[in-house]
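The values are calculated or read from the model by the stated rules, or taken from the named source; none is laboratory data. What you are looking at is a predicted structure, and each value in this text was computed from that prediction instead of being measured. No Cβ is skipped: glycine too gets one built from the backbone with ideal geometry, and neighbour counts run over all protein chains shown.
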Amino acid sequence: MDVYSRFQSVTNWQSVKNHGVSYVFVKLTDGGGLPNGGRNTGDALVAGARSVGIPVGGYHFAQASPSPEAQADVFIAEVRRLGATGCAPMLDLEDNPQGSGAPNIPDGRKRDFSIRFCNRVAGHGFRPGVYMNNSLAKMLRPDRFGVPDLVIWIARYGAKPDAAAGRYDVHQYSDAGQVPGIRASSVDLNESYTNAHLTGGGAAPKRKATTELMERRTISASPSTTSVRLLLSGSETAAIIVRPRVDGDGITDAPVWQGNIYAWGSDKVGVGGNPLQTPGFNPKTVSHRRYALPGAVWADFEYSSNVEFEIDIVG
């Protein structure tokens, strides 16, 4: 998920983690300083995510001035101050809200701005990233910026980004989600399709092993608990993503009730990952939820659901 202290207040980080949130981006800076005229900082949100072991990184909202290099310097200083180094520092390239009165970066300058900003971030020793909507990605093609190891995050609600938008690592699929432990009218929700966003804080690391969609299974409805066997890749990035049929808010009124996941490797040894063994686990799945099963070649997935749903097998 991604959050901003002006709009979201996290009251229980353990509930957020138990819900399946596996990484967080926090708004840290805006233009040449802190957001909302310095009245909003990312301190509490970054500290909260780190306290329960959720990788957390920052994002910067781009403004027409000062220079992209100056904005990157302000941003990285805040990333370092807060230790928000679990995820790649991201440039948020979108226009200001209507009525704000702040000038926007003209479309003709956005590509140059992004490249200069991201190169400056890389110069500070971090792997850079950029966020934009699907339409802007089709116009700018961030995968062609020429910035080495650029992490790309694209927003499109109700569908995956267009092929014309090019390569991407993270998809923001909803701006109207609900997450237990967060007091807010809505929360932005994201799915990652590689682990490029999980960088740590070192000097611009090389791209880690990526995850790819291997199969999307449609799972039959079953009001009583039943089981389905899933075949996985056996890689370190093997995982499944449970996908209830969500509405425009990114949630469903027909939840999947999660049971045991029994996962095994090629040597017939259990590889863990059973969610029911996690203290405080909530078996009611109302939005997309990912379960990492590194090394698994097959898994028996127990569930009950009144309607059919989907499972993505990635690895």
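In the stretch 137-180, the qualifying residues are those that are of a type in the set (Gly, Ala, Ser) and assigned to a strand (DSSP E or B), and the one that is surrounded by the fewest Cβ atoms within 10 Å (Cβ to Cβ) is ALA176. The set of residues in the stretch 250-278 that are within 22 Å of GLN178 (Cβ to Cβ) and either in contact with a Ser or Thr (Cβ under 9 Å, 6 or more places away or on another chain) or in contact (Cβ under 8 Å) with a residue 60 or more places away in the chain (or both) comprises GLY250, ILE251, THR252, ALA254, PRO255, VAL256, TRP257, GLN258, THR278.
This table checks each residue for (1) assigned to a loop (DSSP other than H, G, I, E, B); (2) without any contact (Cβ under 8 Å) to a residue 24 or more places away in the chain; (3) under 22 Å from LEU198 (Cβ atoms).
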site: ARG6; (1), (2), (3): yes, no, no
site: GLN14; (1), (2), (3): no, no, yes
site: GLY20; (1), (2), (3): yes, no, yes
site: PHE25; (1), (2), (3): no, no, yes
site: LEU28; (1), (2), (3): no, no, yes
site: ASN40; (1), (2), (3): yes, no, no
site: GLY53; (1), (2), (3): yes, no, yes
site: GLN63; (1), (2), (3): yes, no, no
site: GLN71; (1), (2), (3): no, no, no
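Residues of the stretch 260-315 that are surrounded by 18 or more Cβ atoms within 10 Å (Cβ to Cβ), among the charged types (D, E, K, R) and outside any strand (DSSP E or B): none at all.
When VAL242, VAL269, VAL286 are checked against the criterion of being within 21 Å of the chain's Cα centre (by Cα), β-branched (Val, Ile, Thr) and at pLDDT below 90, VAL286 stands alone in meeting it. For the stretch 1-54, which positions are farther than 19 Å from ARG289 by Cα, surrounded by fewer than 18 Cβ atoms within 10 Å (Cβ to Cβ) and of a type in the set (Val, Ile, Thr)? Of everything in the stretch 1-54, just one residue is farther than 19 Å from ARG289 by Cα, surrounded by fewer than 18 Cβ atoms within 10 Å (Cβ to Cβ) and of a type in the set (Val, Ile, Thr), namely THR11. Of the residues making up the stretch 113-124, at least one is assigned by TED's automatic domain parsing to the domain that holds GLY20 and either in a loop (DSSP other than H, G, I, E, B) or under 16 Å from the mean Cα position of the chain (by Cα) (or both). Only one residue in ALA159, ALA137, ALA155, ALA165 is closer than 28 Å to ARG243 by Cα, free of Cβ contacts under 8 Å to residues at least 24 places away in the same chain and not basic (Lys, Arg). Which one? Answer to the selection: ALA159.
Count of the stretch 55-88 residues, restricted to those that are surrounded by 15 or more Cβ atoms within 10 Å (Cβ to Cβ), more than 12 Å from LYS27 (Cβ to Cβ), under 20 Å from the mean Cα position of the chain (by Cα) and not aliphatic (A, V, I, L, M), is 4. Is it the case, given these coordinates, that SER287 is of a type in the set (Ser, Thr, Tyr) and farther than 19 Å from PRO180 by Cα? Answer is no for this residue.
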